[in-house]
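I have placed the structure first, in the form of structure tokens, so that the comments after it can refer back to it.
Derivation of every value follows stated rules applied to the coordinates shown; laboratory data play no part. Everything numeric here is computed off the predicted structure, so don't read it as measured data. Glycine gets a Cβ as well: all are built from the backbone with ideal geometry, and neighbour counts include every protein chain shown.
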Amino acid sequence: MLSLRHNQYLVEAETIEGWQLNTRLEYMYRDGENYKQFGEVVLAGEVTIAQLKPHLYEGGFFMPSEVGLEDLQETPYLACDHVWHELEETVPIDNAPTVDISAKELLIRFKAAGRVKWDTKTVAARMMEVDGL
């Protein structure tokens, strides 16, 4: 049973009819010089890292823009920049969603991207367009 602390009261989520937890997904971009940018979104519904991990590139990386999330690299891009981001954590939360994509849709998109080993060429080309190359 999952418990949440809300307004200083302990709420047993499964006992409230119609209760739906959302998911805060935290992710990070680390460039080639180890500078980091952090991002997070709240998705409608629940998803876990364990559900997403089998679809990550080499077991740990993904490209947010390929699944409907925001890439975290700063522009203009530098020589040490690349396309890969890392999942940090998923947290059940009762906050309202901050993006239009649901947890279920995100999982579907991760599965699709993982099947084709993530589309690095498209994302790299998009990065070059932003830089005017």
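Backbone geometry of region 51-57 corresponds, through the Karplus equation with coefficients 6.51, -1.76 and 1.60 at θ = phi - 60°, to 3J(HN,Hα) couplings of 6, 7, 4, x, 9, 6, 6 Hz, x marking Gly and Pro. A simple charge model with +1 on the Cβ of Lys and Arg, -1 on the Cβ of Asp and Glu and nothing else charged puts the dipole of region 3-130 at about 420 debye relative to its Cα centre. Here the Karplus relation 6.51 cos²θ - 1.76 cosθ + 1.60, evaluated at θ = phi - 60°, turns the backbone of region 102-114 into coupling constants of 8, 4, 5, 5, 4, 4, 4, 5, 4, 4, 5, 5, x Hz, with x for every Gly and Pro. Close amide H pairs (under 5 Å, H built 1.01 Å from N) link I93 with N22, T23, R24, residues at least 5 positions away or on another chain. In order along region 24-29, phi translates into HN-Hα couplings of 8, 9, 10, 9, 9, 10 Hz, rounded to whole numbers, per the Karplus curve 6.51 cos²θ - 1.76 cosθ + 1.60 with θ = phi - 60° and x for Gly and Pro.
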